[in-house]
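K.L.:
Below you'll find the structure I mean.
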Amino acid sequence: MNKFARSWLLFKSSLSMMNRDRQLLVFPIITFLLTLLIALFFLVPVTLRPTGYSYASAQHWQAISHSLLVPTTYAQGRATETLSPFGLVYLAIMYFVSMFFATFFNVAFFHEILAALKGDTVSISRGMQFARTRWKAILMWTVFAGIIGLIIKQIEERLGLIGRIIGRLIGIAWSVASVFVIPLIVMEQIANPITMLKNSAGILKRTWGESLIGFVGIRLMSGIIFFFSIGFLIAAGVISAMTHSVWIGAAAFVLWFTAMIVLSYLCSIASQIYKGALYLYATEGVIYGPFNQEMLNSAWKFKKQKI
C-alpha cells in the first residue's frame, strides 16, 4: 500500500506538469496523426493500385493479397501462405520506416519533457527540429532495435513453445535494458546503438533498488482503477436490466470506455514524465519538476558515480 501511495503521488505530480504545460497532452496526439499519415503513405499505393476490379469488390482485395502472399505447402502436407518477395521487401521497408519515425517522435517528445522538467515552456516545433539534429542516432538505433526484434520473432516462431518462452524473456530483458535509450539520444552525442544500450543498462545498474516501482506502480494504479470500474459497469447493467432500458447500459459503457482511454493516455504520458525525472536524477543527481527527494528515493538508490 505504501508503494501504491507513492505511485499515486508520482502520478499526481506528473498530472500537475501536464496541467502546467498543456502541449505535453497534445504532443502524443500529433505524433499519432503524423504516424497515421506515414502508414497511409505506404498502404494507399499498394492497396489502391489498379487491378482491373472495383475497389469495393472481393476480387480487388484478392488480387492485392496474391501480390503479397504466395501459397506454400510444408513437408507435412500442411498448406499455408507466406510472404512473396515483393511482400517481404515491402513489409520490411514499412517496418523499419515506421520504427524510425516512432523513435523520431519519441525523441522530439522526450526533449520537450526534459525541457518542461527544467522549467522551460513546451514547444512542439522545437522538439521536432531537435529530433532532426539526432537523425543519425535515431537511424542507427532503429536498425539495431529492428534487427533485435526480428531475431526475437524468429526465435519465437522456429522453436515453438520453448522459443516463445525464451523470446518473451529476451524481450523483457531488452525492454528493461533499453529503458533510457531515448533520453540518452536526447542528452548525449552518441550514435553507436551498442553504446546507447550499454549506457542505458549502466544507469539502471548503478541506481538499482526499486528502480522500476514507479513504472510498475503507475500501471498497477491504472489496473486497480480499471478493476473497480468494472463494478460501475456491473451496477449499470443491473439498473439497465431492472428498468428494461438498453440506453442506460449503452451510455454507461460509452462513458466507461471513454474514461479508460483517457486514463490509459494520461498514464502513458505520466510514465514518460516520470522516466525523464528519474533519468535526470540518476545522471545529474538533481531533482527537477514537481517531484521531491522522497518520491525519487523510493524508486532509486542513487549512487553518484560515472557510468
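The values are calculated or read from the model by the stated rules, or taken from the named source; none is laboratory data. Since the structure is predicted, the reported quantities are computational estimates derived from the model, not experimental observations. FYI the Cβ positions are ideal-geometry reconstructions off the backbone, even for glycines, and counts take in every protein chain you see. Ligands, DNA and RNA are excluded from the accessible area calculation, which covers all protein heavy atoms including side chains. Shrake-Rupley method; radii C 1.70, N 1.55, O 1.52, S 1.80 Å.
K.L.:
Would you say PHE110 is in contact with a Pro (Cβ under 7 Å, 6 or more places away or on another chain) and crowded, with 21+ Cβ neighbours inside 10 Å?
P.N.:
Numbers: in contact with a Pro (Cβ under 7 Å, 6 or more places away or on another chain): yes; crowded, with 21+ Cβ neighbours inside 10 Å: yes.
Answer is yes for this residue.
K.L.:
Quick one: in the stretch 47-72, of everything that is of a type in the set (A, V, I, L, M) and loosely packed, with under 11 Cβ neighbours inside 10 Å, which residue is modelled with the highest pLDDT? Talk me through it step by step, then tell me what you get.
P.N.:
Filtering the stretch 47-72 for residues of a type in the set (A, V, I, L, M) gives 48, 56, 58, 63-64, 68-70.
If we keep only those that are loosely packed, with under 11 Cβ neighbours inside 10 Å too, we end up with 56, 58.
Working: ALA56: 78, ALA58: 81.
Filtering first and then ranking leaves ALA58.
K.L.:
Those residues that are closer than 24 Å to PHE27 by Cα and either open to solvent by 60 Å² or more (accessible area, probe 1.4 Å) or at pLDDT below 80 (or both), I need them from the stretch 218-266; list them, please. It would help to see each step written out before you state the result.
P.N.:
To start, the set of residues in the stretch 218-266 that are closer than 24 Å to PHE27 by Cα comprises 218-219, 221-222, 257-266.
Passing the criteria: ILE218, ARG219, MET221, SER222, PHE257, THR258, ILE261, VAL262, SER264, TYR265.
K.L.:
Give just the number: which of (1) of a type outside the set (Val, Ile, Thr); (2) within 18 Å of the chain's Cα centre (by Cα); (3) within 19 Å of ILE30 (Cβ to Cβ) does ARG126 not satisfy?
P.N.:
Only one criterion in (1) of a type outside the set (Val, Ile, Thr); (2) within 18 Å of the chain's Cα centre (by Cα); (3) within 19 Å of ILE30 (Cβ to Cβ) is unmet by ARG126, namely (2).
K.L.:
Take the residues in the stretch 1-15 that are within 22 Å of the chain's Cα centre (by Cα) and either more than 17 Å from ILE113 (Cβ to Cβ) or open to solvent by 30 Å² or more (accessible area, probe 1.4 Å) (or both); name whichever of them is modelled with the lowest pLDDT.
P.N.:
Kept after step one, since they are within 22 Å of the chain's Cα centre (by Cα), are these residues of the stretch 1-15: 7-8, 10-15.
If we keep only those that are either more than 17 Å from ILE113 (Cβ to Cβ) or open to solvent by 30 Å² or more (accessible area, probe 1.4 Å) (or both) too, we end up with 7-8, 12, 15.
Details: SER7: 61, TRP8: 66, LYS12: 74, LEU15: 77.
Looking at the filtered set, the residue picked out is SER7.
K.L.:
So, THR35, is that one at pLDDT below 85 and open to solvent by less than 60 Å² (accessible area, probe 1.4 Å) or not? Reasoning before the result, please.
P.N.:
On the way: at pLDDT below 85: yes; open to solvent by less than 60 Å² (accessible area, probe 1.4 Å): yes.
When the stated conditions are applied, THR35 passes them.
K.L.:
Hey, TRP208 hits all of (1) open to solvent by 70 Å² or more (accessible area, probe 1.4 Å); (2) at pLDDT below 85; (3) in a helix (DSSP H, G or I) but one; which does it fall short on?
P.N.:
Status for TRP208: all satisfied but (3).
K.L.:
Taking GLN76, is it in a helix (DSSP H, G or I) and either at pLDDT 80 or above or farther than 30 Å from LEU266 by Cα (or both)? Even if it seems obvious, please write down each step before you answer.
P.N.:
Working: in a helix (DSSP H, G or I): no; either at pLDDT 80 or above or farther than 30 Å from LEU266 by Cα (or both): yes.
No; evaluated as a whole, the condition is false for this residue.
K.L.:
Where residues in the stretch 129-188 are among the hydroxyl-bearing types (Ser, Thr, Tyr) and surrounded by 13 or more Cβ atoms within 10 Å (Cβ to Cβ), which of them is modelled with the lowest pLDDT?
P.N.:
Let us first name the residues in the stretch 129-188 that are among the hydroxyl-bearing types (Ser, Thr, Tyr), namely 133, 142, 175, 178.
Filter once more, keeping what is surrounded by 13 or more Cβ atoms within 10 Å (Cβ to Cβ): 142, 178.
Details: THR142: 91, SER178: 85.
It comes out as SER178.
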